[in-house]
Amino acid sequence: MNQNETMIRFSEIKKQYGDFSALKSINLDISRGELFGFLGPNGAGKTTLIRILTGIIKPTSGKVFVGSFDLFAEPDKAKSMLGYVPDRPYLYEKLTPLEYFDFMGGLYNVPAEKIQQKGEEMLKIFSLWDRRHELIESFSHGMKQKVAMSAAILHDPEIFVVDEPTVGLDPRSVKLAKDFFRELANRGKTVFLTTHTLSVAEDLCDRIAIIRNGDIVALGNLEELQKRASMPGNDLEAVFLKITEEEQATINPV
Amino acid sequence: MNSFQLVGPAIKKLRRVFSTRNRKVLYSLLLGSLILAGAIYYGLFRFLDYVGRAPMLGETLGPIVGSLLVSKLLEMLLMTVFFMILFSSVIAALSSLFLTDELTVLMSSPTSIGAIFRSRLILMTVESSWMVLIFFMPALLAFATALKANWIAYFIFPGFMFIFVLLPNLTGAIAALLLASFFPVRQMKKVFQFLSILVLTGLIFFLRSLEAEKLLNPSYFKDVSQYLLSLQLPLLQYSPSTWLHQASMTLFRNNTGEAIWQFMPLFLVTATCFIIVNIMALKVYRYSWQKSMEAVDNQVRSLEWVRCAITWPFRFFKPDFRVIASKEITIFMRDPAIFSQIFMMAAIIFVYGYNLSILPLKDIPTLYSGEINDTLVFLNGPFIGFIIASIGMRFVFPSISMEGRAFWAVKSSPVNPRRILQIKFIVYLVPMLLLGVILCAVTNSVFQVSQPVLFWLSYINVILITLVITSLAIGVGAIYADFAADSPLKIAGSYGGFVYMILSGLYVINLLALESYPMYRFFHSRFFVVRGPTAMILLSLSAVLLLACTAAWIYLPFQKGLETIENYEPE
C-alpha cells in the first residue's frame, strides 16, 4: 500500500450559484491513510465541496479525481471508492436499519451475506441491535447518524467522507466515532471530514484545511497552521479564529 | 393572525411555482388543458344530445325517456364526484390537520387554534378538490349545454359546486378530528384499511342495489309508466348529490328561483357542518394534535408476508435492481394512506367493469348491435387508459418525490440516474400492464364484435397507453419532483400531477386521432369494400405515425425527467 498515493485530488474546482461564488478555485490533494479535516465558518463552502466530491452536485468547472478515476468521466468507479455520511442524516424512514443496509449495500454491489454480517456488527457497536426491527422514522437524530455511518462502510470504501460527524451524537458515540475514524486511517483508508467541533479536528486530523468565502486560506498540520497564524503553542480554536478573522479583515478592510 | 394570513405561505409557494416556470411550457399546458377540456365537453355534449333525443325509441317517447336518462347520468356523475372528494378528504384532512411539519411552529405560536384549524381546512379543501373539479367541470357544463341552459346558469352553477365540494371536506375534517381523538394518527394504517374495506363493500352493495341495467332496458318493466317512474326516482333520498342534482336540473331548465330554493337543504347542511367542525376544532384539535405527536409509527410487522412475497422474486435480479425494487415496494406498502388509495382505485375499476357488464348489448336491435359493440370495443382501450392514468397519478407519479430527502443516498452511489429511472419504470410498468390487459380481457368479453381484429386493437391500445402513461408518470414525476413533500396524495394533487394528467389525456386524444382514419375505413368497409393503393398508403401511414408518436411520447418525458434528476442538487 503506497501511503503517498493521492486518493482525492481537487483541481481548479469552482462552483457558481448565479453571481455568488460558493467555491472560487479549490486545488487540493489528499493522500492514502490521511485523516483530513476541512474547517470553515458557516457558508464557507465546506458542504458544497463535499457534495461535489460525492457526485451529488456538479462543479461549474474543474476536475475531481478519486483514486485514479475522474469522478465525472467514470462516476460509477469513482463513487464505488467512497463512503459518505451527510451532515443531516435523511434516510428512508419507512425501512428498518437492516433493510436500509441491504438497500445501500445493494447499490454498491455488496453480497447479501456480507451486508448482513457487517450491518449486525455495526449495530452492535453503536448499541442499536435491539432496535433493528424498528422503522428508522422512530429513531433520534443521533441514532440516524449512526445508521448512516454504518451504511457508509458496508462496501469497505477506500475513502470515507463525513460531513459534521459528531453533530447529534452522545459523548460515548463521539468517542466511538473518533476511534473508528482513527482505526480506518490506520488501516490505510482516507478520511475526509468537515466539522465545527475544533477539538475533534485537533485530536484527529493529520492535516487541516481552513476554507473561507470559497477559498482555502490555510492548509497544513496543526504546527504549520500555528506558524501561519503566528500563534505557536495555541490551540486550534485560537488559530482558526485568528486566520478566519484576518481573512475577513482582508476582504472587508475598515 | 387570521386563517387567510396563515394560508399566505402556501399561496406564495404556488405563485413561485408559476413564476419560475417557463412561459412557453405554461402556455402549452394551458392550450393542452383547453384541448382536453374541449374534447371532454364536446364529446359528452354530443353523446348527451343523442341520448336526450333517444331516436330509437321514436319521436314521442324518445325525448321523454332521453331527458330522464340525461338527468340520471348527471345524478350518477354528481354522486361519483361527491364520494371521490369525501374519500380523499378524510385522508387529506388527517395529513393537513395533523401530519404537516409547519404545524409544530404554528402550534407553539400564540395564534388561536381556530385560525390554525381554518387555515388547514382551506388548504385541505383546495388540495383534495381542485383536480377533481377541473376534470369534471367540462363534463358538468356539457350537461348544461345539452339541456339548453341559459347564461345565468353558467354563473350560478359554479357557486352550487363550491358549496357542494365544501360539504365532503367538512365531513372529512369532522371524521379526522373524531378519529384522531380516539386513535393515534401516526398509527392509522389499520383504521384506513378498515375504513377502505367498509367503503368499498358499501359501494358494491349500493351499486348492486341500484340495478342500473334495468334503466337501460325498458323490457324489464311491466309498462312504460313504471319505467318512467323508476327513471325519475332519485338514487339516494336526502343526499347532497341528490339535492344538487335536483337544483342543477331545475337551473339548467332555466328556472333559477326554484333551483336556488331546491339548493337550500344542501346550503343549510353545509353551514351546519361548518359550525360543528369549528366547535369541534376549538374543543379537541389542540388535544388530538398533541396526542398525534406522542405516537410514533412502528408498523413494520403489518402485512409483512405480502411484502415478502412480492419482493421475493427480485432476489434473482441484479443487486441494484433487487434493492431499488424492494425498497420501492416496501415504502409503498408501509405508507399508511396507500391502502385507502388502493381500495379507491379498486372501486373505480369495479364500477367500470360492472357498468360494462350490465350493458344490455344483447338486447340491442341487430341493425345497431355490430356498430355499437365495435365502437365500444374501440373505445374500451382509451377508457381503460384513463383508469390506468388515475392509478399512475396516485402510485407512480409520486415515486420520485417519495425518495424524499434521502435521495442523496442514491445520488452519491455508483448507480447512475438512468438506471434508477429504468428500474422504477419497469417496476411500475409490469403491474400496470397486467392490470390494463386483464381489465381489457374481462371487459372485452361482454362485447360481440363483428371482427376479432378489434379485440386485438383494444389490447394494442391498452399496451401503448400504459407504456406512455408509465413513462409520463416517471418522467413528469421527476421533472416536478417535490422531495420535501410528506404524502403521495399531496404530490399527486400538485401542479406536476395536473401536468401529468393533461399530458396523459393528450396522448389518448393523439392515439384516437391517429386511429380515426383506419376506424373510419373499417366501418365504411361494411357497406362497400375499398381497395386501392391510396387507402393502403394512408392506413400504413396511420400505423407508422402512431408508433412513431408513441415512441416519442415514451422517450421525451423519460429523457427530460432524467436530465432533471441528473442536474438535481439535493439539500
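Using the beta-carbon distance between B:Trp261 and B:Ala535 and R0 = 60 Å, what value does 1/(1 + (r/R0)^6) give for FRET efficiency, to the nearest 0.05? It comes to 0.50. When each of A:Tyr17, A:Tyr108 is scored by the number of other beta-carbon atoms lying within 10 Å, the sequence from fewest to most is A:Tyr17, A:Tyr108. The alpha carbon gyration tensor of segment B:1-65 gives principal lengths a ≥ b ≥ c with a/c of 1.5 or higher and a/b no greater than b/c, which makes the shape oblate. Shown is the FRET efficiency for B:Thr80 and B:Ser109, computed with R0 = 35 Å from the Cβ-Cβ distance and rounded to the nearest 0.05: 0.30.
The simple spin-label model puts a point 7 Å past each Cα toward its Cβ; for B:Ala485 and B:Arg418 those points are separated by 2.7 nm. A helix-only calculation puts the protein assembly as shown at -22000 deg cm²/dmol for mean residue ellipticity at 222 nm, using -39500 (n - 2.57) for each DSSP H run of at least four residues, averaged over all residues. Counting only DSSP beta bridges whose two residues both lie in the protein assembly as shown, roughly 55 percent are antiparallel.
Between segment B:436-469 and segment B:72-91, the C-alpha centres lie 28 angstrom from each other.
By the count of neighbouring beta-carbon atoms within 10 Å, fewest first, B:Ile35, B:Ile279, A:Ile13 end up ordered B:Ile279, B:Ile35, A:Ile13. A Förster radius of 56 Å, combined with the Cβ-Cβ distance separating A:Asn109 from B:Thr272, puts the computed FRET efficiency at roughly 0.35.
For segment B:114-162, just say rounded, prolate or oblate: build the C-alpha gyration tensor, square-root its eigenvalues into a ≥ b ≥ c, call rounded for a/c under 1.5, and beyond that prolate if a/b exceeds b/c, oblate if not. Oblate, since a/c reaches 1.5 and b/c is not below a/b. Would you mind ranking B:Leu266, A:Leu219 so that the residue whose beta carbon has the fewest other beta carbons within 10 Å leads the list? Placing the least packed residue first, the sequence is A:Leu219, B:Leu266.
Readers should treat all values here as calculations from the given coordinates under stated rules, not as data from a laboratory. The structure presented is a predicted model; accordingly, all values stated were derived computationally and were not measured. Note that each Cβ is placed from the backbone with ideal geometry, even for glycine, and that neighbours are counted across all protein chains shown.
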